[in-house]
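Each value in this text was obtained by applying a stated rule to the coordinates, not by laboratory testing. Every value quoted in this text rests on a predicted model; they were computed, and no experiment measured them. Virtual Cβ from ideal backbone geometry, glycine too; neighbours counted across all protein chains shown.
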Amino acid sequence: MSELTAIAPAFVEMAHRIVWASVATVDRAGRPRSRVLHPIWTWQDGALAGWVGTAPTPVKRAHLAHSPYASVNYWAPDHDTCVAECAAEWADDVPTRTRVWNLLKSAPEPLGYDPAGIGVPGWESPESPGFTVLKLTPWRLRVMPGSVMTGGGGAVLAWQAEG
């Protein structure tokens, strides 16, 4: 396993290039459920965090209340893949919602977008009741260039937190 400082930038680069991720949570009966989400990642001061602007649906809330973890999987047609296994928590406070709203709005396309402009009901502003933020804190990362799978070389990068 490598150090986070060696893996995090490669993970963020690939994730932000691919943009959309399949995110799985687990229900009360232990069954996985996946959905496609649009995380944006920050790598600052040695800490990696994912931020998802999302609707606080009853299903998501119930899943995370039961098991506060998510698997975040990115895949591109050239078979580049990266995965973050994460602790997941709601970041419902207005300052965090505003910061993430602005982060999404200011990032270049296709990663960035205007949350108010995508037509989701209840997403008029960061304070809107239909908008909240899911914070993802990875405990495991894996980055695999598609060239590894297709025999063109490269290396799989992996990191896991201690404990």
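Considering every residue within segment 146-153, establish whether at least one is under 19 Å from residue 37 (Cα atoms) and either touching a residue at least 40 places away in the same chain (Cβ under 8 Å) or not in a loop (DSSP other than H, G, I, E, B) (or both). No, segment 146-153 has no match at all.
Looking at 13, 3, just one residue is surrounded by 14 or more Cβ atoms within 10 Å (Cβ to Cβ), of a type outside the set (Gly, Ala, Ser), closer than 21 Å to residue 139 by Cβ and out of contact with any helix residue (DSSP H, G or I) (no Cβ under 8 Å at 6 or more places or on another chain), and that residue is 13. Here residue 21 clears all of (1) closer than 12 Å to residue 111 by Cβ; (2) surrounded by fewer than 13 Cβ atoms within 10 Å (Cβ to Cβ) except the condition numbered (2). On the stretch given as segment 3-56, residues that are part of a loop (DSSP other than H, G, I, E, B) and under 21 Å from residue 160 (Cα atoms) total 4.
A residue that is within 14 Å of residue 11 (Cα to Cα) and touching a strand residue (DSSP E or B) at 6+ places or on another chain (Cβ under 7 Å) occurs nowhere in segment 87-100. Quick one: in segment 121-134, of everything that is under 20 Å from residue 35 (Cα atoms) and out of contact with any Gly (no Cβ under 7 Å at 6 or more places or on another chain), which residue is surrounded by the fewest Cβ atoms within 10 Å (Cβ to Cβ)? Of everything passing the filter in segment 121-134, 132 is surrounded by the fewest Cβ atoms within 10 Å (Cβ to Cβ).
For segment 24-72, the set of residues classified as among the β-branched types (Val, Ile, Thr), in contact with a strand residue (DSSP E or B) (Cβ under 9 Å, 6 or more places away or on another chain) and farther than 11 Å from residue 86 by Cβ consists of 26, 36, 40, 42, 54, 59, listed by residue number. Looking only at segment 65-82, residues that are assigned to a strand (DSSP E or B) and hydrophobic (A, V, I, L, M, F, W, C) come to 4 in all. Can you tell me which residue is farthest from residue 65 (Cα to Cα) among those in segment 83-112 that are of a type in the set (D, E, K, R) and in a strand (DSSP E or B)? The selected residue is 85.
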